[in-house]
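This report refers to the structure that appears directly beneath it.
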Amino acid sequence: MKATTQQSIHDVVIAGAGPVGLFLACELALAKCSVLILEKAENPHSPLKRLPFGIRGLSAPTIEALYRRGLFAELEIHKRLKNPHTTATPQPGTQRQVGHFAGIPLLEGNIDSSQWEYRLPGSPETSLISEIAELETILTRRAAALGVEIRRGFPVTGVHQTDEGVTVWSADQSFEAKWLVGCDGSRSIVRKMGGFEFAGTEPEFTGYTTLVDMADPEKLRPGRNVTSAGMYMQSQPGYVLIQDFDGGAFHNSDQRITREHVQEVLRRVSETDVTINVLHTATTWTDRARQATRYRDGRILLAGDAAHIHSPLGGQGLNLGLGDAMNLGWKLAATIQNHAADELLDSYHTERHPIGAQILDWSRAQVAIMQPAPHARALYAILRDLINTRDGATYMAGRIWGVHTRYDLGGGHPIMGRSTPDFEFEDGIKIGELMHDGRMILLDLNTNASLQTLANEYGDRLRYISGSVKNRLDLSALLIRPDGIVAWASENAGDQHGQLSHILSSYWNVVAH
């Protein structure tokens, strides 16, 4: 390809200005990397990104990530919208639904959060509602403040990498970068041009998200309803979701979505003769589940839907992608600045690929028990009874909300690989409020002079914080990564100084004095 315009070299080019690409750009720019985002859409303001179509449930890791970067306070929608899946106020004596598994309600009163031993009282919420448009607005504003350049109307049309960098084309313009990250969605051009294998399973159903006017909406039961033909949900007035187990045939066809077609599918799935007067908006989706077999090829990486796709059941996709960005950002920045050990960037795939595989299987499991078949109905009934118990609901909530997320960091204290508890110091400041600058933290709860000496070897890359906290969980010291994950913890740091030194050297190169 021949470019007509000479471009400067950026540290990173990111394809895609959705929440994942924007959040990754913010993480990189926070670490003083130069970032260019190329976005194919000229106008970021799509109605599908706003309520009710743009509704997304944010899980604990996402909420914590936003909180640790000082962005949580900017979220507004969750303050007025607690549960988008029902318009009814719970009747006295009933419980509020706070989620679902395969359409089986997860009831708030059944969840025992005391079983989550590393979540301290006063921690950020485990789940709340937002929308794509709200997140993009917040992250775009932050990216601009950090100096990220965003070019809209620039689809990626070509990619070529060498050992030294990557050239990215958009029509007749070329852009040079040290690294390229594809955050360009399920049909990722970066993934295709980079030659990544995208392995997985084909769909069982076509899903419909519609906004309609109905002559007789009372014929549809509120909430999620699994029937002998599929599933439908009626929540906000006129907002109807349908799952039709056609093997994804309609979604994969070239047929136009008409009022007549949606009415036929809704009648068949709901087993009613409901009438649709007007079809305002409709989009389709499937439960196709695929994952890139590797997240990195040389100087090209993938994140978000470019790396993995699955059914939106349970709303895990956005959270999974933002988790990719939080994990990748600091590692790629450290690599660019020659601060990192050689293996650090490879740990992005090692840590995030298993998490993605778990979410894909979680999605497949829901589809399996929603099938309109007798064996699936039998499994559905058993799962419904289990989810209606205290232990069952607590386990499901922990999985859905990401509370159980843990990276395998090779042993050590049980808290290693988990999200850092939001420790509160005696003056009321919480550890999450001290993570806005994205640096690694050595938290010393016993004021151990040898730990401070060790921290000094890494310069301003490692922030040493000491002090007494209100609930220390029998810990004496923790090493907290920039993404908020506990990399090392000890109940007696003096006995494990050598282990801490080894772990630090696996992340950072020692500063030359």
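Summarising the label geometry, the points placed 7 Å from Cα in the beta-carbon direction at VAL510 and HIS375 lie 6.0 nm from one another.
For the chain, the carbon plus sulfur part of the accessible surface works out to 50%, probe radius 1.4 Å. Using a simple spin-label model with pseudo-atoms 7 Å out from Cα toward Cβ, HIS404 and ASP361 lie 1.1 nm apart.
Return the subset of LYS32/LYS178; LYS40/LYS178; LYS79/LYS219; LYS178/LYS331 for which the Cα-Cα distance in this structure is over 25 Å, preserving the input order.
LYS79/LYS219
In plain terms, the chain from THR162 to GLU197 could stretch by 10.6 nm, reckoned as 0.36 nm per residue minus the Cα-Cα distance. Taking all protein chains as they are arranged and a probe of 1.4 Å, the heavy atoms of CYS26 leave approximately 10 Å² accessible to solvent. Segment 317-391 and segment 433-468 have their alpha-carbon centroids 31 Å apart. A straight chain from HIS497 to HIS261 at 0.36 nm per residue would run longer than the Cα-Cα distance by 78.3 nm. Subtracting the Cα-Cα distance of ASP172 and GLU125 from their residue separation scaled by 0.36 nm leaves 12.2 nm. Solvent exposure of the chain, expressed per residue, is 42 Å² of accessible area, with all protein chains present and a 1.4 angstrom probe.
Solvent-accessible area of ARG390, all protein chains in place: 120 Å² (probe radius 1.4 Å, heavy atoms, ligands and nucleic acids excluded).
In this Cβ point-charge picture (+1 for Lys and Arg, -1 for Asp and Glu), the chain has a dipole of about 660 debye about its Cα centre. Placing a pseudo-label 7 Å from each Cα along the Cα-to-Cβ vector at ARG151 and THR453 gives an inter-label distance of 5.2 nm.
The values are calculated or read from the model by the stated rules, or taken from the named source; none is laboratory data. Keep in mind it's a predicted model, so treat the numbers as computed, not measured. In this analysis, Cβ positions are derived from the backbone assuming ideal geometry, glycine residues included, and neighbour counts consider all displayed protein chains. With ligands, DNA and RNA removed, areas are computed over all heavy atoms of the protein, side chains included. Shrake-Rupley method; radii C 1.70, N 1.55, O 1.52, S 1.80 Å.
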